[in-house]
Amino acid sequence: MNSKLTFDQQLGELRNEIDGLDSELVALLTKRRAVTTKVGQLKSEVGMPIFAPEREAELLKVRRQQAIDAGLSPELIEDILRRLMQDSYISQDASGYRCVNPDCKKVVVIGGNGQLGQIFVDLFTRSHYQVTILEQGDWPNSATILADASLVIVAVPIRLTAMIIQKLGQLPENCVLADVTSIKEAPLSEMMKVHAGPVLGLHPMFGPDVAGLVKQTIIACEGRNPEQYHWLLEQFQVWGAKIYPVEAQAHDQAMSMVQVMRHFSTIAYGYHLMAEGADIAQLVEMSSPIYRLELIMVGRLFAQDPVLYTDIIFANQDNIAMMKRFAYRFLELLEDVQLDDKDAFTHMFSQVADWFGDYADIFLQESKAMLVKADQLKKH
């Protein structure tokens, strides 16, 4: 660079150089996306799942080492590559999917116009299945709609699930009957009563705003005749989902802790903030990234349908005993604070840390990337 140039001129030249490099990056990313789209088309032809975890892990490992050798931050390169791979999955997702069961006559999604139902309607349609939606106004013609169904998915609100299932007593013998509610024991029991054929309980662990099923988890609770619904689980995997099998009772017990209790405590926290007259704008401005992230998660819940969370919390009265135990432990710790018993509080903390074990450090590392993104959101 010419040293006789003024500071502004030198800065302008460097910025122009950066602009040129950024333009080249955009061009390269465009080329990369075109290639990943072709990959998606090729995978679709042979029915290969979009997400290949071994390939992704190996790619990240190699590129991280390449970054280290080049004197770059491996975390930066990994973050960029993960964003690129997510975009790749979306471009591959647009290519369509293999139909695992071409002998399937018809897929009927009850509640297919709902937010979750629409996701499955779209995916089955793009996999070239014949898909029919059954909504409230269609019940007078339901016998005809269901007569030749090979798969019926119940995707209605929890409070309506049992009532809808009870109307499905005349399904074809080999039709697969499945539900997608967030509780499993009661719906699965109802399905087993009304249908003698294959039955499967499903809990998609994602919301209606997902762009696709890549890296998403679907919990599967066995009901009856798994050999007859195995194709459905394979279809989910072709879409990129991970299947996690578990018994219905164990599922509901786990969900009472990771879903019901968390929703309830989050709602209580939001209610407390409101009742205390907290200045939400001030709280946001004064929060560090981790506290901002916590506020984000609280606010996110209250931006959604209150009926959904009411149904989840009220669906199983057995959850009351668990939530009461949580309240008791809250008060137990509060008493330690009131009595200024720091030793008891510290002892409890150490016990819980030991219980978390290695997961405490794993979660600490995972949270760092989340906090960086939360801090970036705050600045923009």
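Values in this text are rule-based calculations from the coordinates and carry no lab data. What you see is a predicted model; the values in this text were computed from it and never measured. Cβ: placed from backbone, ideal geometry, glycine included. Neighbour counts: every protein chain shown.
Things to note:
- Burial ordering of Thr217, Thr266, fewest other beta-carbon atoms within 10 Å first: Thr217, Thr266
- Here the contact order of the chain, divided by its residue count and restricted to Cα pairs under 8 Å and six or more residues apart, works out to 11 percent.
- With only the Cα atoms considered, the stretch 107-246 has a convex hull volume of 96 Å³ per residue.
- The relative contact order of the stretch 59-141 comes to 23 percent, based on Cα pairs under 8 Å that sit 6 or more residues apart.
- Leu59 versus Ala211: modelled label distance in nm, points set 7 Å from Cα along the beta carbon direction: 1.4
- For the stretch 251-379, a Kirkwood radius taken over Cα pairs fed into Stokes-Einstein (20 °C, viscosity 1.002 mPa s) yields D = 125 µm²/s.
- Candidates Lys31, Lys242, Lys167: whichever shows maximal mean-square fluctuation once the chain is modelled as a Gaussian network with Cα springs under 10 Å: Lys31
- The chain: most fluctuating residue of Glu190, Glu285, Glu222 per GNM, C-alpha cutoff 10 Å: Glu285
- On the basis of the beta-carbon distance and an R0 of 25 Å, Ile362 and Asp340 show a calculated FRET efficiency of 0.15.
- Look at [x] 1.22; [y] 0.99; [z] 1.17: the one that is Cα Rg over 2.2 N^0.38 Å derived from this structure is [x].
- Computed [θ] at 222 nm, helices only, for the chain once each DSSP H run of length n ≥ 4 contributes -39500 (n - 2.57): -20000 deg cm²/dmol
- Relative contact order, percent, the stretch 107-246 [alpha-carbon distance under 8 Å, six or more residues apart]: 18
- Within the listed set Gly197, Gly212, Gly270, the residue fluctuating most in the Gaussian network model of the chain (springs between alpha-carbon atoms under 10 angstrom) is Gly270.
- Relative exposure of Ile133, Ile153, judged by other C-beta atoms within 10 Å (fewest first): Ile133, Ile153
- Taking other C-beta atoms within 10 Å as the exposure proxy, Ile119, Ile290, Ile313 rank Ile290, Ile313, Ile119 from fewest upward.
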